[in-house]
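The values are calculated or read from the model by the stated rules, or taken from the named source; none is laboratory data. Just so we're clear, the structure is a prediction, and the values are computed from it rather than from any experiment. Glycine gets a Cβ as well: all are built from the backbone with ideal geometry, and neighbour counts include every protein chain shown. Accessible surface areas use protein heavy atoms only, side chains included; no ligands, DNA or RNA. Shrake-Rupley method; radii C 1.70, N 1.55, O 1.52, S 1.80 Å.
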Amino acid sequence: MVLVEVHVTVVASHDIGTNGWRWRFAWDPGQIVLNGFLLGFFAGAITLLPLGILLGSVALLVAVLLPIVGAIGGVIAWKLSVGHVRDAYQEVLEQFYESQATRTGDEDIWLTPLKGVDSQYGLEAAGTYDFTRVQKTSDEVTMADISLDLASLETTEQATILPVERVNSISYEDDTLIVDARTGTWCFEGIVKNPQEGDSQAVETDTTGLDPEAVVGS
């Protein structure tokens, strides 16, 4: 049995506009509002002297109001970003799930549905989605636990690779996959075989904070 170290890959979703402020701002409202406040503060500090020459004592009021205006601008930008993410995230998840189900040869692929494992303030989407991907080729069976960070569109993956000669059997029945090998047995519930071939029940949007079904090894 070979355990693959955790690594990170970037998920490409450029075609639906998930890169840029409209996607990124929704995930950290506190930071966005703070940035707006600080931007207004520095703008007020920089313009205080020239405004003082032009407006006199009124310039001080302007300098005080600019951070407030900046914070309000941050709230507005966050709300606009939230609306964009709410409209786009289902498509992002579906495209990502389809990419994980893509076969390049005669291999078989099984996927558990995406499962939201935490909640995100102001959004229907979870911040992180977990799932398991099992791939069987003529040489090996790869069982990967994968987490998708929806904010950064990056995945963290940890996989166990079994050479086929160490696998006694693979059975699939009633959406449950059982991999029986010399080193142990792994059970995957709610799994879908070759999802691209049919209705995959791909995306679950449960954001209750509960962990998805765990892989059981013995």
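For a quick check of understanding: with a 1.4 angstrom probe and all protein chains in place, what accessible area in square angstrom does residue 149 have, to the nearest ten?
60 Å²
How large is ³J(HN,Hα) for each residue in the stretch 159-171, as worked out from phi by the Karplus curve 6.51 cos²θ - 1.76 cosθ + 1.60 (θ = phi - 60°), to whole Hz, x for Gly and Pro?
Karplus values, whole Hz, x for Gly and Pro: 10, 10, 10, 10, x, 4, 5, 9, 9, 6, 6, 10, 10.
How much accessible surface area, in Å² rounded to 10, belongs to the heavy atoms of residue 65 with a 1.4 Å probe?
It works out to around 80 Å².
Pulled fully out, how much extra length does the chain show between residue 34 and residue 169, if you take 0.36 nm times their separation in residues and subtract their Cα-Cα distance?
Contour length minus the Cα-Cα distance gives 43.0 nm.
Using amide H atoms built in the peptide plane, which far-off residues or other-chain residues are under 5 Å from residue 118 H to H?
HN-HN under 5 Å from residue 118: 127, 128, 209.
Just to confirm a number: summing +1 for Lys and Arg and -1 for Asp and Glu over residues other than residue 162 whose beta-carbon lies under 13 angstrom from that of residue 162, what do you get?
-1
Using amide H atoms built 1.01 Å from N in the peptide plane, name the residues 5+ places from residue 192, or on other chains, whose amide H lies under 5 Å from its own.
When sequence neighbours closer than 5 places are left aside, the close amide H contacts are 111, 112.
At a probe radius of 1.4 Å, what is the per-residue accessible area of residue 41, in Å² to the nearest 10?
Rounded to the nearest 10, the figure is 110 Å².
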